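The values are calculated or read from the model by the stated rules, or taken from the named source; none is laboratory data. Values in this document were obtained by computation on a predicted structure and should not be read as measured data. Note: ideal-geometry Cβ built from the backbone for every residue, glycine included; neighbour counts use all protein chains shown. Heads up: the accessible areas ignore ligands, DNA and RNA and are worked out on the full protein's heavy atoms, side chains in. Shrake-Rupley method; radii C 1.70, N 1.55, O 1.52, S 1.80 Å.
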Amino acid sequence: MPLVTTAALVSSAVSDRRGVAAFNVITLEHAEAVAAGAESAGSPAILQISENAVRFHGGRLAPIAAATAAVAAASSAPLALHLDHVVSRELLYAAEASGFSSVMFDASKLPYEENLAATADAVRWGHERGIWVEAELGRVGGKDGEAPLDAHAPGVRTDPGEAAAYTAATGVDALAVAVGSSHAMTTRTAALDHTLIGALRTAVPVPLVLHGSSGVPDDEIRAAIAAGMVKINVGTALNTAFSGAVRAFLAADGHTVDPRRYLAPAREAMAATVASFLGLLTPAPAGVEAR
Ligand code: G3H
Ligand code: ZN
């Protein structure tokens with residue numbers, strides 16, 4: 001089916017009181033696995049390509065974006081294309097030509113006022129072109145190989161009052177918040193601050209985004225959605241599945257040279273991981289108010 005927009009998937013998740021998952025795409029096999037997992041789960045999903053993934057592809061956005069969009073268009077599942085963790089303005093401005101309906105503009109490393117000004121500018125640019133814009137306030141650690149942040153350190157978790165002011169001043173469509181998860185975790189041991197999620201949901205009038213969801217246990221993801229999280233970003237869990245399958249294959253067979261022999265099980269393992277995360281996005285229990 002044709003690509004759908006991130007805005008449409010997020011807003012229908014909000015009305016249905018459930019989450020919508022966004023999966024990082026690095027290789028063609030990642031995109032194929034997300035499509036296969038979404039089809040088997042009977043769920044929509046967002047395919048997201050990060051600035052780091054673009055860097056891996058020699059700084060060229062168009063080839064991986066075109067391949068991912070083609071995989072999505074050939075799928076029977078409703079899939080959207082999102083550009084993730086964009087720091088560079090040049091990459092932001094390339095989003096439109098490559099068919100992205102949404103961008104996460106990441107100025108979270110900047111001091112508050114500079115983050116706000118840069119994000120407001122990115123939102124203006126995006127809205128003039130019909131592009132949905134997500135931004136981050138607080139610091140979800142673990143990006144770019146940096147050590148996970150101490151989630152209890154001052155300034156790391158998102159402050160609800162600051163988040164409300166930031167959302168109003170920037171006009172963002174969704175807000176990524178720091179509530180105890182960290183990027184690139186290979187164990188699912190993160191403990192989220194559900195009271196903070198509830199306070200942020202009350203203070204912030206746009207959907208909330210959970211980054212670093214690979215490290216968050218199933219029950220914590222369900223509870224986060226019940227408390228007000230909408231977009232659930234998953235990356236590392238796919239790479240853990242991919243690498244585990246390749247490692248197991250090559251350990252058992254030291255002679256194969258055809259990459260299809262080990263990329264096929266790697267892709268299947270990622271598709272199973274995608275389907276498993278999609279199974280967690282169920283409606284919040286009755287009485288929980290969605291925003
Ligand atoms: O934006 C992408 C996500 O936050 C992925 O984080 O690789 O830790 O799942 P993760
Ligand atoms: Zn992230």
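Residue-level check: of (1) of a type outside the set (A, V, I, L, M, F, W, C); (2) surrounded by 22 or more Cβ atoms within 10 Å (Cβ to Cβ); (3) within 22 Å of residue 139 (Cβ to Cβ), residue 68 misses just (3).
In segment 237-258, the qualifying residues are those that are at pLDDT 95 or above and of a type in the set (Gly, Ala, Ser), and the one that is nearest to residue 182 (Cα to Cα) is 237. Among the residues making up segment 214-223, a single one is assigned to a loop (DSSP other than H, G, I, E, B) and surrounded by fewer than 21 Cβ atoms within 10 Å (Cβ to Cβ): 217. The residues in segment 159-175 that are of a type outside the set (Phe, Trp, Tyr) and either open to solvent by less than 10 Å² (accessible area, probe 1.4 Å) or touching a strand residue (DSSP E or B) at 6+ places or on another chain (Cβ under 7 Å) (or both) can be counted, and the count is 8.
Of the residues making up segment 75-99, just one is open to solvent by 10 Å² or more (accessible area, probe 1.4 Å), away from ligand 1 (no atom under 14 Å from the Cβ) and closer than 15 Å to residue 23 by Cα, namely 78. Determine, yes or no, whether residue 127 is in contact with a strand residue (DSSP E or B) (Cβ under 6 Å, 6 or more places away or on another chain), at pLDDT 95 or above and open to solvent by 20 Å² or more (accessible area, probe 1.4 Å). When the stated conditions are applied, residue 127 does not pass them.
Within segment 210-233, residues that are away from ligand 1 (no atom under 14 Å from the Cβ) sit with their Cβ atoms under 9 Å from residues that are open to solvent by 10 Å² or more (accessible area, probe 1.4 Å) and among the acidic types (Asp, Glu), at 6+ positions apart or across chains, in these pairs: 228/289. Here 211, 183 are screened, and the one residue that is open to solvent by less than 10 Å² (accessible area, probe 1.4 Å) and within 16 Å of ligand 2 (Cβ to nearest atom) is 211.
Which one of these is within 30 Å of residue 121 (Cβ to Cβ) and away from ligand 1 (no atom under 16 Å from the Cβ): 203, 176, 245?
203
Identification of strands (runs of 3 or more DSSP E) wholly contained in segment 8-115 with 2 or more residues that are under 27 Å from residue 269 (Cα atoms) and within 16 Å of ligand 2 (Cβ to nearest atom) yields 20-24, 45-50, 79-86.
In segment 100-122, the qualifying residues are those that are within 13 Å of residue 3 (Cβ to Cβ) and of a type in the set (Gly, Ala, Ser), and the one that is surrounded by the most Cβ atoms within 10 Å (Cβ to Cβ) is 102.
Here's the yes/no breakdown for (1) over 17 Å from residue 23 (Cβ atoms); (2) crowded, with 19+ Cβ neighbours inside 10 Å; (3) modelled with pLDDT of 95 or more; (4) not hydroxyl-bearing (Ser, Thr, Tyr):
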site: 187; (1), (2), (3), (4): yes, no, yes, no
site: 201; (1), (2), (3), (4): yes, yes, yes, yes
site: 204; (1), (2), (3), (4): yes, yes, yes, yes
site: 225; (1), (2), (3), (4): no, yes, yes, yes
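Can you tell me which residue is farthest from the chain's Cα centre (by Cα) among those in segment 227-239 that are of a type in the set (Val, Ile, Thr) and buried (at least 24 other Cβ atoms within 10 Å of the Cβ)?
Only one residue tops the list, namely 230.
Working only within segment 155-179, note down all residues that are among the small types (Gly, Ala, Ser) and modelled with pLDDT of 95 or more. 161, 163, 164, 165, 168, 169, 171, 174, 176, 178, listed by residue number.
Hey, can you tell me all the residues within segment 240-261 that are open to solvent by 50 Å² or more (accessible area, probe 1.4 Å) and assigned to a helix (DSSP H, G or I)? Residues satisfying the conditions are 240, 247, 248, 250, 251, 252, 259, 260, 261.
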